[in-house]
Amino acid sequence: MKTYKYVAFFVLAFSFFACEKSSEQVEEEIVTSAQVEYTVFLQNNNLLNGVVVASSNEEFAVKSTLSSFNSVPFNAITHRTATDISYYATTNCQATLQWYNSESSVATSVALFDDIDACDINVLAMARSNEIAAVAYERELLGKDKQYVVRVNSLIEPVGNPLEISLDKKPVDVVFSTNKLFVLTLNEFITDEFHLSVIDLNTNEAVMELDLGLDAQRLFTNSNGDVIISYPKLHTILDPVSLDKSYTTYGEDTEPGFITTTDFYMDNNGKFYFQKNVPTAEIVEVPAIYDFEKNSTVVYLFENFLTETELKVKYNIANTSAITYDEKNNYVLIGYEKNGQVDKGGILRITPAPDFKLIDNIDLDGVPKTIFVK
């Protein structure tokens with residue numbers, strides 16, 4: 001087993017790689033586990049659709065399709081929280097926002113941009129709360145500079161008369177917290193610097209704009225509602241009420257790299273499950289868990305807990321496509337795409353560090369993109 005630790009000034013940051021497994025082929029052990037269901041959103045034939053996967057002592061299998069969810073284009077703009085996922089997509093220049101709540105198992109959709117042609121705008125980011133959806137877009141204006149706007153739609157009252165908030169910089173990402181809208185923007189024509197606009201939704205006015213410098217790339221929120229501003233070499237945590245900031249710098253070569261993840265899950269203990277790019281690994285996109293409390297990353301290299309036969313033949317893994325955590329069973333769920341097989345994938349269940357033990361697998365007609373535990 002190889003363990004690498006780096007200490008950077010006052011902040012501890014380290015990456016821990018899964019213990020190497022024997023190269024001998026072994027049979028998977030049948031383990032008694034709590035019965036649980038997973039909702040899996042799959043990419044298949046350029047669409048995203050949902051299925052329910054049931055887990056019990058006897059089987060790990062697809063139980064049903066998610067009948068309340070209408071398939072959306074695979075490239076729909078996505079906003080994920082711990083309990084739900086939202087998709088913004090256009091079909092024949094008609095815009096729709098659809099979201100799924102994992103606690104109620106209900107999918108809901110509304111039409112957006114009824115007053116303008118959705119093909120005339122370029123939507124750049126989207127976020128949703130229980131009451132409001134915010135869609136950030138840019139639009140070309142004849143003979144003028146681009147127009148940057150965040151449209152705020154009520155999801156409680158009938159969609160109509162949406163609030164439009166003009167921006168003077170290009171929106172890159174957006175999140176909600178404490179009835180405020182936080183918009184990451186880029187001054188792309190002058191300084192290439194990033195800024196954060198804080199909009200109070202009680203007054204619909206900007207509270208302040210923070211200068212973020214270069215390389216601010218993603219916004220996340222944790223279970224406390226704090227706003228996480230992610231950079232390649234550090235992250236900033238912003239208190240959404242006081243707007244106080246704290247900074248965490250990573251050690252050299254220990255950057256968690258969650259700014260590039262396409263799927264993630266944040267638990268209540270400050271652990272962030274994501275896809276990490278490791279160019280030197282057998283499979284480049286691998287599962288990883290970053291602990292915000294400890295500033296540490298656990299990296300799950302496939303070759304260190306699967307045999308070569310399992311990796312290349314039995315499961316035929318090309319890359320990690322989704323990740324989540326099953327708290328009832330203490331399992332990490334790893335969605336993956338199969339190598340050389342279009343729209344084929346699966347899910348591995350393993351025990352987390354320090355065990356890294358393979359529990360079981362399910363093959364799926366589609367590539368898992370997001371997994372919810374019910």
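The values are calculated or read from the model by the stated rules, or taken from the named source; none is laboratory data. Quantities reported herein were computed from a predicted structural model and do not represent experimental measurements. Every residue, glycine among them, receives a Cβ derived from its backbone with ideal geometry; neighbour counts consider all protein chains shown. The area values use the complete protein model at the heavy-atom level, side chains included, leaving out ligands, DNA and RNA. Shrake-Rupley method; radii C 1.70, N 1.55, O 1.52, S 1.80 Å.
Of the strands (runs of 3 or more DSSP E) lying entirely inside the range 292-342, not one contains at least 3 residues that are among the charged types (D, E, K, R). Filtering the range 137-177 to residues that are at pLDDT below 95, in a loop (DSSP other than H, G, I, E, B) and either touching a strand residue (DSSP E or B) at 6+ places or on another chain (Cβ under 6 Å) or not charged (D, E, K, R) (or both) leaves 141, 142, 143, 146, 155, 156, 158, 159, 160, 161, 162.
Checked against (1) open to solvent by less than 20 Å² (accessible area, probe 1.4 Å); (2) not in a strand (DSSP E or B), residue 253 passes all but a single condition, namely (1). Within the range 186-243, the set of residues being at positive phi and assigned to a loop (DSSP other than H, G, I, E, B) comprises 192, 204, 215, 225, 243. Total residues in the range 260-276 satisfying the condition of being farther than 11 Å from residue 288 by Cα and open to solvent by less than 30 Å² (accessible area, probe 1.4 Å): the figure is 4. Summed over the range 204-256, residues that are hydroxyl-bearing (Ser, Thr, Tyr) and under 24 Å from residue 163 (Cα atoms) total 1.
With respect to being basic (Lys, Arg) and under 25 Å from residue 43 (Cα atoms), residue 276 fits the description.
Which ones in the range 292-323 are charged (D, E, K, R) and open to solvent by less than 10 Å² (accessible area, probe 1.4 Å)? Across the range 292-323, the qualifying residue is only 310.
Could you look through the range 329-356, keep only residues that are touching a residue at least 60 places away in the same chain (Cβ under 8 Å) and over 15 Å from residue 38 (Cα atoms), and pick out the one that is most open to solvent (accessible area, probe 1.4 Å)? Looking at residues that are touching a residue at least 60 places away in the same chain (Cβ under 8 Å) and over 15 Å from residue 38 (Cα atoms), I get 354. Filtered by the rule that a residue be within 22 Å of the chain's Cα centre (by Cα), more than 16 Å from residue 77 (Cβ to Cβ) and buried (at least 19 other Cβ atoms within 10 Å of the Cβ), the range 153-179 gives a lone residue, 177. Scanning the range 54-107 for residues that are of a type outside the set (Ser, Thr, Tyr), under 15 Å from residue 127 (Cβ atoms), open to solvent by 20 Å² or more (accessible area, probe 1.4 Å) and not in a strand (DSSP E or B) turns up just one, 82.
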